[in-house]
1. Any residue in segment 154-176 that is in contact with a Lys or Arg (Cβ under 8 Å, 6 or more places away or on another chain), within 13 Å of the ligand (Cβ to nearest atom) and open to solvent by less than 10 Å² (accessible area, probe 1.4 Å)?
2. Taking the condition crowded, with 18+ Cβ neighbours inside 10 Å, within 16 Å of the ligand (Cβ to nearest atom), basic (Lys, Arg) and within 20 Å of MET208 (Cα to Cα), does ARG62 pass?
3. Looking for whichever is surrounded by 16 or more Cβ atoms within 10 Å (Cβ to Cβ) and either within 25 Å of LEU164 (Cα to Cα) or among the acidic types (Asp, Glu) (or both) here; the options are TYR12, TYR70, TYR93. Which one fits?
4. Yes or no: segment 7-24 includes at least one residue that is among the aromatic types (Phe, Trp, Tyr), outside any strand (DSSP E or B) and either within 20 Å of ILE216 (Cβ to Cβ) or in contact with a strand residue (DSSP E or B) (Cβ under 9 Å, 6 or more places away or on another chain) (or both).
5. If ALA220 passes every condition in (1) modelled with pLDDT under 95; (2) touching a helix residue (DSSP H, G or I) at 6+ places or on another chain (Cβ under 8 Å) but one, which one does it miss?
6. Where residues in segment 200-233 are away from the ligand (no atom under 11 Å from the Cβ), of a type outside the set (S, T, N, Q) and open to solvent by 10 Å² or more (accessible area, probe 1.4 Å), which of them is farthest from ASN41 (Cα to Cα)?
7. Which numbered condition trips up GLN114, out of (1) loosely packed, with under 14 Cβ neighbours inside 10 Å; (2) touching a Pro at 6+ places or on another chain (Cβ under 9 Å)?
8. Could you identify the single residue in ALA50, ALA44, ALA26 that is more than 16 Å from the ligand (Cβ to nearest atom), among the aliphatic types (A, V, I, L, M) and either in contact with a Pro (Cβ under 6 Å, 6 or more places away or on another chain) or farther than 24 Å from LYS122 by Cβ (or both)?
Amino acid sequence: MKMDEKRLIQRYETVRTRIARVAERAGRSPGEITLVAVTKNVPAELIRQAAGLGMKHFGENRAQELREKYQHLTHLRVTWHFIGRIQTNKVKYFVPICQYVHSVWRVNEVMEIQKRAERLDKTIYVFVEVNTSGEESKAGLQPDQVKAFLSQVLPYDRLRFIGLMTMAPLTREKSVIRASFRTLRELRDHLEQYNKGNVEIRELSMGMSNDFEIAIEEGATYLRIGSAIFKSE
Ligand SMILES: *Cc1c(COP(=O)(O)O)cnc(C)c1O
């Protein structure tokens, strides 16, 4: 076995153990948490190995990179997630590959995904990205804009809006990170009463390598973890 693969196994096991431990401590079942392995800058060969180890969900944040790598990975029985900034002219690259999109927050993106998914007779599961930190550089809707946004997307039946996504601010202050995740959870709890049609907000996509334990404590159901699994020292 190659050294790379050994290290990958170790890192994957460590992450899984940490997830299970925190979930248990928080009174949650690890089974309700989906690990999305984020493969930006990870070569196709390593993704193949990761799939061989049992990773089932993979996320990419650049449409073109995903498209190029996917050509070498079409045989894998895994689920792809698009998690990055959406450029309308690149929606056509990820819709054929992905089942999930985590980063939707504009109606024109919704329209383009609808159009592409319709042509492929496909359903796309969508998270609405929310800016819970107030940082101007961050993508996403302000929390108080999400309800109105969801009322606008009902006609786009190729998309099922299953949850909310956020990125915590870049800080070491755990209380600040926690507040960001908590905002997302409380928003989800509030919005559930308005679910109807293709709007079924239930899931929370939050937590990355440096903050996933806090995210689990705050109710994350999808974790997006890259460097903790793939980054070599
Ligand atoms: C890169 C990325 C991640 C994973 O980040 P890590 O710190 O490597 O775990 C998660 N979500 C998004 C949107 C990303 O771009």
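The values are calculated or read from the model by the stated rules, or taken from the named source; none is laboratory data. Bear in mind the structure is a predicted one, so any value in this text is a computation, not a measurement. In this analysis, Cβ positions are derived from the backbone assuming ideal geometry, glycine residues included, and neighbour counts consider all displayed protein chains. For the accessible areas, the whole protein counts, side chains as well, though only heavy atoms, and no ligand, DNA or RNA atoms are used. Shrake-Rupley method; radii C 1.70, N 1.55, O 1.52, S 1.80 Å.
1. no
2. Working: crowded, with 18+ Cβ neighbours inside 10 Å: yes; within 16 Å of the ligand (Cβ to nearest atom): yes; basic (Lys, Arg): yes; within 20 Å of MET208 (Cα to Cα): yes.
Against the criterion (crowded, with 18+ Cβ neighbours inside 10 Å, within 16 Å of the ligand (Cβ to nearest atom), basic (Lys, Arg) and within 20 Å of MET208 (Cα to Cα)), ARG62 qualifies.
3. Values: TYR12 fails: either within 25 Å of LEU164 (Cα to Cα) or among the acidic types (Asp, Glu) (or both); TYR70 fails: either within 25 Å of LEU164 (Cα to Cα) or among the acidic types (Asp, Glu) (or both).
Sole residue among the options that is surrounded by 16 or more Cβ atoms within 10 Å (Cβ to Cβ) and either within 25 Å of LEU164 (Cα to Cα) or among the acidic types (Asp, Glu) (or both): TYR93.
4. As a first pass, look at segment 7-24 and keep what is among the aromatic types (Phe, Trp, Tyr): 12.
Remaining after also requiring outside any strand (DSSP E or B): 12.
Narrowing the set further to residues that are either within 20 Å of ILE216 (Cβ to Cβ) or in contact with a strand residue (DSSP E or B) (Cβ under 9 Å, 6 or more places away or on another chain) (or both) leaves 12.
So far as segment 7-24 goes, yes, one or more of its residues are among the aromatic types (Phe, Trp, Tyr), outside any strand (DSSP E or B) and either within 20 Å of ILE216 (Cβ to Cβ) or in contact with a strand residue (DSSP E or B) (Cβ under 9 Å, 6 or more places away or on another chain) (or both).
5. (1)
6. Applying the filter and picking the extreme gives GLU200.
7. Of (1) loosely packed, with under 14 Cβ neighbours inside 10 Å; (2) touching a Pro at 6+ places or on another chain (Cβ under 9 Å), only one is false for GLN114: (1).
8. Exactly one residue qualifies, and that residue is ALA26.
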